[in-house]
1. Going by amide H atoms built from the backbone, whose H comes under 5 Å of the H on residue 49, apart from near neighbours?
2. Residue by residue, what Karplus-based ³J(HN,Hα) values in Hz, rounded to whole numbers, does region 171-183 have, using 6.51, -1.76 and 1.60 with θ = phi - 60° and x for Gly and Pro?
Amino acid sequence: MNRIRTTDVASLTAITMCLAVANAPAEDTEQRRQGAHVHGMAHMTLAAEGNKVLIELTSPAASLIGFERAPRTDDERATLALARENLEAGDAMIRLNIEAGCRLETAEIDAGFADAGQGRGAEHAHDHDVGQGADGHADFVVHYSFVCDRPEALGSAALGLFSGFPALERVLLQYVTAEGQGGAELTPRVPVVTFVPL
């Protein structure tokens, strides 16, 4: 498996910043700049270019594992390990339209407060302070890279995150695909987004 290339992450970051400014309400953009950390809510960006789909998920640790610090007990270490295992199964957490024939290439997970592992196909190259603000609230940041046989058939995606992480109540998604760009709020009741043309 290949590690997410720096150019892929840079492209996703640039697209994310453009989407945040272009599509987000002013108050949401201001919250993001200030490092909004809302339990039960995650942010996701999806960028499809050529046969690649790059996804970044940012979520408060409390929404995924129930605490926001390095694990202290065996139960907490087991919870963190299970969360990591679930997140590494990126193709189960984010199910891209089956007709597109997409396969997970890499999953890179950073828990922000501890070595949560490297993720599938990734090397140990993250900063242990990433995602942890001055207030001590830690975030998970997950990067996924998919390769698709028929990217023109992408069309939609469904989130399995809600099944694996019941404390997660909503995911704010911004996307750029061949069909255009847009955003959606996904919930356990509405976990599917259809990528619509501009």
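1. 54
2. For region 171-183, the Karplus curve yields 10, 8, 10, 10, 9, 9, 9, 4, 6, x, 10, x, x Hz.
Every read-out reported here was derived from the displayed coordinates using simple, explicitly stated rules and does not represent laboratory data. Since the model is a prediction, treat every value here as computed from it, not as a measurement.
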